[in-house]
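What follows is one structure encoded as structure tokens, with my remarks underneath.
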Amino acid sequence: MAELAERPGLPAPTPGSIDEAKRQKLLELVRGRALARPTDLAEDEVMVWPSLVVVEAVSAVVFTAILFALSVLVNGPLLDRANPNQTPNPSKAPWYFLNLQELLLHMDAGLAGVIVPTVALVAIAAIPYFDRSPLGVGILGTSSKGRRIIAFATVYSIVVVVGMILVDEKIGRGTQFGIGSYMMDHWGATEFMTGVILSTIIMLIPIFILVGIVKAIFRPTRREIIIALFTGFFVTYWVLTMFGTSFRGHGQDLTWPWNLPLTHG
Amino acid sequence: MRREQTLADRITGSALWRSFVRHGYPDTQRNQALIIASNVFLHIHPVKIKRYATKVTYTFCLGGLSFFMFLVLTMTGILLMFYYIPSSTQAYQSMLDIQSSVTFGQLMRNMHRWAAQGMVISVFLHMARVFYTGSYKPPREFNWVVGVLLLVVTFLLSFSGYLLPWDQLAYWAITVGTNIGGAAPIIGPQVNKILLGDFQIAQSTLIRFYTLHVIFLPLAAAFLMAVHFWRIRKDGGISGPL
Ligand code: HEM
């Protein structure tokens with residue numbers, strides 16, 4: 001009974017004839033103190049002060065120290081005054097958009113710069129409405145199978161994305177591996193058919209293959225398929241960003257990072 | 001026997017002190033509860049939480065860190081605003097002044113710039129943490145959606161600030177960025193026109209980006225964060241194993 005008074009959220013096991021409100025009043029009378037004092041801790045609970053506040057304070061101090069040290073040691077970049085008549089080569093967007101700029105080299109600008117990111121954001125926002133099972137909440141990667149799927153999707157995405165960039169570069173950047181340019185030359189395909197439709201298909205194929213392989217190897221739940229897809233997104237974002245920041249030089253040609261002029265930061 | 005009153009006792013016993021600190025030293029559970037409940041800033045927290053919610057290896061502090069960086073950015077940003085001039089003819093010079101003649105100006109600018117980059121990274125990684133722990137599942141679906149909006153606002157905050165130094169880096173990065181937006185099907189040209197207020201980056205662009213950067217987007221972010229934090233409480237604190 002004492003336990004009950006401390007956890008008012010729990011349903012009463014035997015309400016009997018006395019209604020709940022009355023029962024609680026009686027309890028209060030018997031024990032001579034207010035119900036559910038905020039300080040009554042259950043087994044698995046801790047006081048926010050000090051247990052959480054201390055974590056926050058320490059991480060704030062550590063983070064401030066790191067930021068301070070970095071800011072003393074490294075100056076933010078400031079190049080020459082803006083000059084509309086002097087286009088730097090290469091010109092680059094801020095680093096977190098360089099993944100889109102990388103896509104832009106391979107397909108239609110509207111597809112790469114607007115449709116792909118919009119679809120990605122909407123898909124991410126929609127995840128909780130597809131995966132509603134509470135299984136695995138609070139466990140990193142859901143299960144050991146989930147973690148193996150993460151590892152697999154990571155390796156798969158790195159290999160596929162790097163491979164696709166290198167192959168497109170080799171065959172002719174923006175020719176959809178030569179298929180697009182072939183369609184244009186021989187079948188009179190339009191820019192729209194190659195840069196948008198064909199490019200979309202080329203992007204979807206590895207995604208379907210990823211899901212297919214994961215299904216075949218892991219017999220995944222819906223949550224685990226989404227884990228594979230999210231991992232694919234996450235890894236692709238960073239791989240494309242790496243290409244954009246560190247491997248694109250003059251004329252957006254592939255180069256090594258140490259040959260780059262300072263164009264972002 | 002009465003203990004002798006120390007200076008500390010006198011201060012903490014004074015009417016002045018007791019008018020704004022309404023709890024004793026937090027070494028009892030009662031005072032520990034009061035300190036959280038009676039302080040407007042700490043009251044963002046409940047008085048007690050599940051033990052797992054304090055584990056650093058669960059959240060990696062990423063959400064908290066994102067918020068903290070937002071605060072640092074607000075403070076350093078206000079300091080920079082005292083000196084920065086959002087004019088295409090004076091902006092660059094005011095940057096040079098901030099770096100060379102304003103006391104701690106270079107430091108403020110560096111902290112603002114590096115924290116801005118850090119915030120993009122930490123918000124992104126926070127999203128990954130929330131995803132991989134399945135913390136978006138009901139009842140937290142809506143907060144996940146709020147989070148996605150916060151991610152977008154964070155990108156926009158960083159992007160709008162990027163133009164302000166008015167150097168070659170800023171000018172051409174924003175040219176590339178707004179061209180990407182301008183490539184949108186159907187609405188592209190209008191988007192570009194609305195962003196730039198001109199046919200190329202000019203004074204009208206600078207004042208638009210400046211206004212977005214120093215008032216509109218920070219307010220939008222603060223608004224969304226208020227909803228975000230409120231929802232965490234209403235959804236039963238942060239998620240944990242069943
Ligand atoms: C400015 C950006 C953001 C700030 C300041 C922020 C802040 C926070 C904080 C302080 C928490 C408490 C737990 C923790 O630290 O991990 C949290 C939890 C959460 N955040 Fe964010 N967040 C931001 C962006 C996002 C994004 C981009 C998403 C997802 C797309 C997201 C989704 C969530 C969800 C679902 C929770 C509840 C997690 C749980 O119950 O374990 N937030 N956020």
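The values are calculated or read from the model by the stated rules, or taken from the named source; none is laboratory data. These numbers were taken from a predicted model, which means no experiment stands behind them. Note that we place each Cβ from the backbone using ideal geometry, even for glycine, and neighbour counts take in every protein chain shown. Note: accessible area is taken over every heavy atom of the protein model, side chains too, but ligands, DNA and RNA are not part of it. Shrake-Rupley method; radii C 1.70, N 1.55, O 1.52, S 1.80 Å.
Secondary-structure-derived ellipticity at 222 nm for chain B, considering helices only, amounts to -20500 deg cm²/dmol, per-run term -39500 (n - 2.57) for DSSP H runs with n ≥ 4. With both labels modelled 7 Å from their Cα along Cα-to-Cβ, the B:Arg233 to A:Ser51 distance reads 2.0 nm. In this simple spin-label model, placing a label point 7 Å from the Cα along the Cα-to-Cβ direction at both B:Ala15 and B:Thr211 gives a separation of 5.1 nm. Phi angles across the range A:113-129 convert, under the Karplus curve 6.51 cos²θ - 1.76 cosθ + 1.60 with θ = phi - 60°, into 3J(HN,Hα) values of x, 10, 5, 4, x, 5, 4, 4, 5, 5, 4, 5, 4, 7, 3, x, 8 Hz, Gly and Pro given as x.
If R0 is 51 Å, the Cβ-Cβ spacing of B:Gln203 and A:Leu73 corresponds to a FRET efficiency of close to 0.90. Loop-resident chymotrypsin sites (Phe, Trp or Tyr not before Pro) (DSSP state other than H, G, I, E or B) in the range B:171-242 with no more than 11 further Cβ atoms inside 10 Å of their Cβ: B:Phe199. Among the listed pairs A:Lys215/B:Lys137; B:Lys50/B:Lys137; B:Lys55/B:Lys234; A:Lys145/B:Lys234; A:Lys145/B:Lys48, give every one whose C-alpha distance is greater than 28 Å. Violating the 28 Å Cα-Cα cut-off are A:Lys145/B:Lys234; A:Lys145/B:Lys48.
For the range A:69-85, heavy-atom accessible area (probe 1.4 Å) falls by no less than 50 Å² from the chain alone to the full protein assembly at A:Ser71, A:Gly76, A:Pro77, A:Leu78, A:Leu79, A:Arg81, A:Ala82, A:Pro84. Rounded to the nearest 0.05, the FRET efficiency derived from the C-beta distance between A:Tyr182 and B:Ile121 at R0 = 35 Å is 0.30. Run the accessible area of the range B:138-189 with a 1.4 Å probe and give the carbon-and-sulfur part as a rounded percent. Reported share for carbon and sulfur atoms: 80 percent. Computed about its Cα centre, the charge dipole of chain B is approximately 1180 debye, with only Lys, Arg, Asp and Glu carrying charge at their Cβ.
Take the Cα of A:Leu166, step 7 Å toward its Cβ, do the same at A:Ile209, and the gap between the two points is 1.4 nm. Between amide H atoms placed 1.01 Å from N, distances below 5 Å from B:Lys48 occur with A:Val48, all of them 5 or more places distant or on a separate chain. Between B:Val152 and B:Ala128, residue separation times 0.36 nm minus the direct Cα-Cα distance comes to 7.2 nm. Among the residues of the range B:217-242, those with an accessible-area drop of 40 Å² or more from chain alone to full protein complex, heavy atoms and 1.4 Å probe, are B:Leu242. Calculated accessible area for the protein assembly as shown comes out at 53 Å² per residue, all protein chains present (probe 1.4 Å; ligands, DNA, RNA ignored). What accessible area, summed over both chains, is buried at the A-B interface (1.4 Å probe, Å², nearest 100)? Interface area, both chains combined: 7600 Å², rounded to the nearest 100. In this Cβ point-charge picture (+1 for Lys and Arg, -1 for Asp and Glu), the protein assembly as shown has a dipole of about 1640 debye about its Cα centre. Between rounded, prolate and oblate, where does the range B:60-234 land on the alpha carbon gyration tensor, with a ≥ b ≥ c its root eigenvalues, rounded for a/c under 1.5, else prolate if a/b exceeds b/c? It comes out oblate by the Cα gyration axes. Computed from the C-beta positions of A:Leu135 and A:Leu41, the FRET efficiency with R₀ = 35 Å rounds to 0.75. Note on the protein assembly as shown: dipole from Cβ charges, positive end direction compared against B:Phe104, A:Phe177, B:Val56; the farthest Cα belongs to B:Val56.
Interface burial in the range B:24-70, defined as at least 50 Å² less accessible area with all protein chains than with the chain alone at a 1.4 Å probe, covers B:Gln29, B:Gln32, B:His45, B:Val47, B:Lys48, B:Ile49, B:Lys50, B:Arg51, B:Thr54, B:Phe68. Our coupling estimate for the range B:19-25, obtained by passing each phi through the Karplus curve with A = 6.51, B = -1.76, C = 1.60 and θ = phi - 60°, is 6, 10, 10, 9, 9, x, 4 Hz, Gly and Pro reported as x.
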